[in-house]
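Below: one structure, written as structure tokens.
What follows draws every value from the coordinates through simple rules; no lab data is involved. Computed from a prediction, not measured in an experiment: that's the story for all the values here. Cβ atoms come from the backbone with ideal geometry, glycine included; neighbour counts cover every protein chain shown.
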Amino acid sequence: MIRMRIRELRKARGWTLDDLSKRARVPKSNLSVWERDLELPTLRTLEKISRAFGARVKELFDETNGNGGPKK
């Protein structure tokens, strides 16, 4: 699930919700809602989040990546 992937990638980098919020330029409250699986982010927002991680949107859905996600 996307919520688990965002949280996993964020924590793997040692980032707080505030860190990711600033890097992706999305509200921290929205990130919290998505990580709790209460709503899904839009494609535009997924693009912002993936750029913050230095990844492609597709990688946010890739749960088979054995190294914990895209490279930092």
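Go through the stretch 28-53 and give me each residue that's part of a loop (DSSP other than H, G, I, E, B) and over 15 Å from Arg7 (Cα atoms).
Passing the criteria: only Thr42.
Of all residues in the stretch 30-57 being basic (Lys, Arg) and either more than 16 Å from Leu9 (Cα to Cα) or within 10 Å of the chain's Cα centre (by Cα) (or both), which is surrounded by the fewest Cβ atoms within 10 Å (Cβ to Cβ)?
So, considering only residues that are basic (Lys, Arg) and either more than 16 Å from Leu9 (Cα to Cα) or within 10 Å of the chain's Cα centre (by Cα) (or both), the one surrounded by the fewest Cβ atoms within 10 Å (Cβ to Cβ) is Arg44.
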